[in-house]
Number of protein chains: 2
Amino acid sequence: MRLVIAKCSVDYAGRLQAHLPLATRLLVVKADGSVLVHSDSLSYKPLNWMSPPCTLQSSEPDDEQREAGIVETWRVTHTKTADTLVVSIYEILHDSDHELGIDPGLQKDGVEAHLQKLLAEQIEVLGEGHRLIRREYMTAIGPVDILATDAAGASVAVEIKRRGDIDGVEQLTRYLELMNRDPRLAPVAGVFAAQEIKPQARTLAEDRGIRCVVLDYDAMRGIDDSHTRLF
Amino acid sequence: MRLVIAKCSVDYAGRLQAHLPLATRLLVVKADGSVLVHSDSLSYKPLNWMSPPCTLQSSEPDDEQREAGIVETWRVTHTKTADTLVVSIYEILHDSDHELGIDPGLQKDGVEAHLQKLLAEQIEVLGEGHRLIRREYMTAIGPVDILATDAAGASVAVEIKRRGDIDGVEQLTRYLELMNRDPRLAPVAGVFAAQEIKPQARTLAEDRGIRCVVLDYDAMRGIDDSHTRLF
DNA sequence: TGATACATGTCGGAA
DNA sequence: TTCCGACGTGTATCA
């Protein structure tokens, strides 16, 4: 990984066109060839970047560029899409290289997939007598997170979100509409399950006869024997 | 901006929990206090980060940590949400500080707005005899991208997307529902226009009687005389 | 390979 | 402040 602090201007042409006026910025060149351009604020997202696979070609300035004060030009080109990032360097204030090695990678806990797994294992959270039919039940317009049956044996379609927003209710509504046309499943009741359900989403769901269930992630994780706590 | 190359492990607890095992990584501390943790591959997105506003608190290791080889601990806490990022540093390989100043910011020239302008100018792309009424036609729930009339003089509402997703169909459906209640406009036909339309979105649109039109951005841009190519 | 949904999405604008 | 839509969204999963 190469770290460069430089006065530079940047031009990008690809899915859009963008220009960064002359200023001092951090340039990061990663081992895979990708390049990031960061300012000193606005976290997380670079001002500009090039994703791998790409190639960096450095070149000396021509007379006109030298006249303008440019000491070096980087042309970063995406291998497949031909997107191009051009960094015009006016002054290099820092330049260092570092061996980092490969990263073991991030371990996540608490995303939707995990919620779905936990709820499938603890389907009785939805009520006495509920039984799991299957996760990711396929329909023509996409997979329903969980299909189950209630104590009476009637179908229940469950949409799981980390944060229960109005979009999720719309999504479940589409599934329900479709599934209720299937005589093998109909009638299908809907359950909207989330760690947190926004008031608007709850109102819309209940207006459509969809039951809302707030999931206690920590409690469900606590019950899950197979889970090893990270902390 | 402070740049640190360090052997470290990282733990995040907030909207989810995540853990990074011991490895050598780049730590960036920006002027606004935000922290990025980057590996040497996977561009653009850090492995872990903390967005501003947040505070970084550095501390000496306790005996147990020192035993484990930790020489310093960073605790980065979000000011509002109490999300926490803990960086356990085992060895610092590089540490430098740089004054960057404020960045003049990115100038963008997007595709989305341009698509709308082009289609307004070339409204006949929708079919013979179509005429533009206006762009950004205002309704009670927001502006419709384009309102036009077809050869028979009937109203046509157009929703434009770069990528035609199911959300766009929902959006257009809401507009159509509202506009069809307006006797001066009704009946209003719907057109879903995008550079690329996803199969799911097409299915839903056609099920609702909405016509799908795939826009050829390059061809439309080629026809547009007013466009000056930047490259 | 292509399509689809998730994301600590982030970010910006308007009500 | 919340809501809503765009993003050079990126990325993993699954057919």
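Determine whether segment B:54-68 contains at least one residue that is closer than 30 Å to B:ALA23 by Cα, within 14 Å of chain A (Cβ to nearest Cβ), within 16 Å of DNA strand D (Cβ to nearest atom) and crowded, with 18+ Cβ neighbours inside 10 Å.
Checked segment B:54-68: at least one residue is closer than 30 Å to B:ALA23 by Cα, within 14 Å of chain A (Cβ to nearest Cβ), within 16 Å of DNA strand D (Cβ to nearest atom) and crowded, with 18+ Cβ neighbours inside 10 Å.
I need a count of the residues in segment B:148-169 that are outside any strand (DSSP E or B), open to solvent by less than 90 Å² (accessible area, probe 1.4 Å) and not β-branched (Val, Ile, Thr).
6
Can you pull out every residue in segment B:16-31 that is in contact (Cβ under 8 Å) with a residue 40 or more places away in the chain and either in contact with an Asp or Glu (Cβ under 7 Å, 6 or more places away or on another chain) or buried (at least 20 other Cβ atoms within 10 Å of the Cβ) (or both)?
B:THR24, B:LEU27, B:ALA31
Yes or no, residue by residue, for (1) in contact with a Cys (Cβ under 8 Å, 6 or more places away or on another chain); (2) not in a loop (DSSP other than H, G, I, E, B):
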site	(1), (2)
B:VAL4	no, yes
B:CYS8	no, yes
B:ALA18	no, yes
B:PRO21	no, yes
B:LEU27	yes, yes
B:ALA31	no, no
B:TYR44	no, no
B:GLN57	no, yes
B:PRO61	no, no
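Got a sec? Which strands (runs of 3 or more DSSP E) wholly within segment B:84-147 have at least 2 residues that are outside the structural domain of B:GLN195 (by TED's automatic domain parsing), surrounded by 14 or more Cβ atoms within 10 Å (Cβ to Cβ) and away from DNA strand D (no atom under 16 Å from the Cβ)?
Answer list for segment B:84-147: B:84-97.
Of (1) within 22 Å of the chain's Cα centre (by Cα); (2) open to solvent by less than 30 Å² (accessible area, probe 1.4 Å), A:LEU42 satisfies all except one. Which?
Here A:LEU42 meets the rest and fails (2).
Among the residues of segment A:87-102, count how many are aliphatic (A, V, I, L, M) and at pLDDT 95 or above.
Selection size over segment A:87-102: 4.
If you take the residues in segment A:170-180 that are more than 14 Å from DNA strand D (Cβ to nearest atom) and of a type outside the set (Ser, Thr, Tyr), which one is most open to solvent (accessible area, probe 1.4 Å)?
A:GLU177
May I ask you to verify whether B:VAL71 is open to solvent by 40 Å² or more (accessible area, probe 1.4 Å) and more than 16 Å from DNA strand D (Cβ to nearest atom)?
Considered against the rule, which asks whether it is open to solvent by 40 Å² or more (accessible area, probe 1.4 Å) and more than 16 Å from DNA strand D (Cβ to nearest atom), B:VAL71 comes out as yes.
The values are calculated or read from the model by the stated rules, or taken from the named source; none is laboratory data. These numbers come from a predicted model, not from an experiment. Cβ: placed from backbone, ideal geometry, glycine included. Neighbour counts: every protein chain shown. Accessible surface is based on the protein model in full, side chains and every heavy atom, while ligands, DNA and RNA are left aside. Shrake-Rupley method; radii C 1.70, N 1.55, O 1.52, S 1.80 Å.
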